[in-house]
Amino acid sequence: MIKSMTGFGRVQETVDGMNITVELRSVNHRYFEFTAKVPRTYGFLEEKLKTFTNSLVSRGKIECYAAVEQLEESETTVSVNASLAKGYVDALRQLSEMFDLNADISAGSLSRYPDVLVLQKTAADEERIWNAVRAVAEKCVNRFIEMRETEGEKLKADILSRADTILEHVAFVETRSPQTVREYNEKLKQRMLDLLGNTQVDEQRLLTEAAIFADKIAVDEETVRLRSHISQLRTFMEADEPIGRKLDFLVQEINREANTIGSKAQDVEIAKRVIAIKAEVEKIREQVQNIE
């Protein structure tokens with residue numbers, strides 16, 4: 001299925017005691033480019049989110065936002081910095097002796113000195129957190145891809161419609177080209193009659209000139225290749241794999257054939273059709289830039 005490179009997805013859920021939000025948005029890009037904004041505490045999620053997203057999305061400039069809120073308080077332990085506490089006690093006793101003061105030292109008063117008591121939170125379980133975030137990220141990426149597919153169907157319909165228009169112009173060129181040879185032959189014969197008067201016209205010479213002209217303006221090969229390229233484009237549009245780069249190359253080939261026909265055109269009507277074909281090709285090229 002054709003996918004656009006423009007997409008958006010957002011999911012917010014509570015998983016395993018955590019309130020998790022994952023958001024994805026993207027625009028077209030030649031390659032896969034991924035940037036993530038995650039809380040500093042959960043920086044390890046950035047590379048995991050990139051790898052996971054890239055396993056399902058091949059192209060586009062993607063911005064990801066992820067937030068994790070712990071709903072359950074993490075375990076905290078309190079420990080004593082014994083060496084620092086001893087230092088405070090020794091210093092207080094020394095002050096007592098130096099200035100003849102009471103050494104009224106208690107555990108409560110000592111605990112109020114900086115860094116005597118140390119709070120330590122239990123280290124985050126990265127695997128547990130990632131499993132929870134991954135569950136939300138998977139739903140987010142699925143919604144993101146669904147939007148891309150919806151946009152892709154619109155692109156597909158537009159491109160195929162323009163391809164049909166190109167084929168209509170090609171059919172006109174194929175019909176009109178032989179007519180221009182006959183018209184050239186008649187004009188050449190009339191011109192020779194005007195110049196020679198009643199003198200008999202050399203029919204063989206006329207046939208030779210007409211043949212040279214026909215060979216010069218022949219576009220059969222170009223129109224056949226154009227039809228082949230359009231057929232290939234239709235095949236690509238039914239593929240289940242990323243085809244943006246292939247389409248980009250194919251559109252270049254279609255444009256090349258149109259340019260060749262235009263360079264050979266010796267007829268105003270054919271020239272008009274070539275301009276119309278190139279206009280459709282340019283519009284297709286713009287749409288292809290948005291396809292994954």
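The values are calculated or read from the model by the stated rules, or taken from the named source; none is laboratory data. Predicted model, so just to flag it, every value in this text is computed and none were measured. Don't worry about glycine lacking a Cβ; one is built from the backbone with ideal geometry, like all the others, and counts go over all protein chains shown.
Just one residue in the set Phe172, Phe144 is closer than 28 Å to Leu45 by Cβ and part of a helix (DSSP H, G or I); that residue is Phe144. Might you let me know whether segment 8-18 holds any residue that is of a type in the set (Lys, Arg), over 17 Å from the mean Cα position of the chain (by Cα) and not in a strand (DSSP E or B)? No; the residues of segment 8-18 include none that is of a type in the set (Lys, Arg), over 17 Å from the mean Cα position of the chain (by Cα) and not in a strand (DSSP E or B).
Yes or no, residue by residue, for (1) over 46 Å from the mean Cα position of the chain (by Cα); (2) polar (S, T, N, Q); (3) at pLDDT 95 or above:
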position: Val136; (1), (2), (3): no, no, yes
position: Phe144; (1), (2), (3): no, no, yes
position: Met147; (1), (2), (3): no, no, yes
position: Thr165; (1), (2), (3): no, yes, yes
position: Leu196; (1), (2), (3): yes, no, no
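Within segment 216-235, does at least one residue satisfy the condition of being surrounded by 16 or more Cβ atoms within 10 Å (Cβ to Cβ), closer than 21 Å to Ser58 by Cβ, of a type in the set (A, V, I, L, M, F, W, C) and at pLDDT 90 or above? So far as segment 216-235 goes, yes, one or more of its residues are surrounded by 16 or more Cβ atoms within 10 Å (Cβ to Cβ), closer than 21 Å to Ser58 by Cβ, of a type in the set (A, V, I, L, M, F, W, C) and at pLDDT 90 or above. Within segment 163-187, residues that are among the polar types (S, T, N, Q) have Cβ atoms under 6 Å from residues that are at pLDDT below 75 in these pairs: Asn185/Ala210, counting only partners at least 6 apart in sequence or on another chain.
Of the strands (runs of 3 or more DSSP E) lying entirely inside segment 24-115, those carrying at least 3 residues that are surrounded by 15 or more Cβ atoms within 10 Å (Cβ to Cβ) are 32-37, 60-70.
Inside segment 225-244, residues that are part of a helix (DSSP H, G or I) and either under 13 Å from His169 (Cα atoms) or in contact (Cβ under 8 Å) with a residue 40 or more places away in the chain (or both) make up a count of 7. Does Lys139 satisfy being surrounded by 12 or more Cβ atoms within 10 Å (Cβ to Cβ), in the same structural domain as Asp240 (by TED's automatic domain parsing) and under 30 Å from Ser26 (Cα atoms)? No. Filtered by the rule that a residue be of a type in the set (D, E, K, R) and in contact (Cβ under 8 Å) with a residue 40 or more places away in the chain, segment 246-283 gives Asp248, Lys264, Asp267, Glu269, Arg273, Glu280, Lys283.
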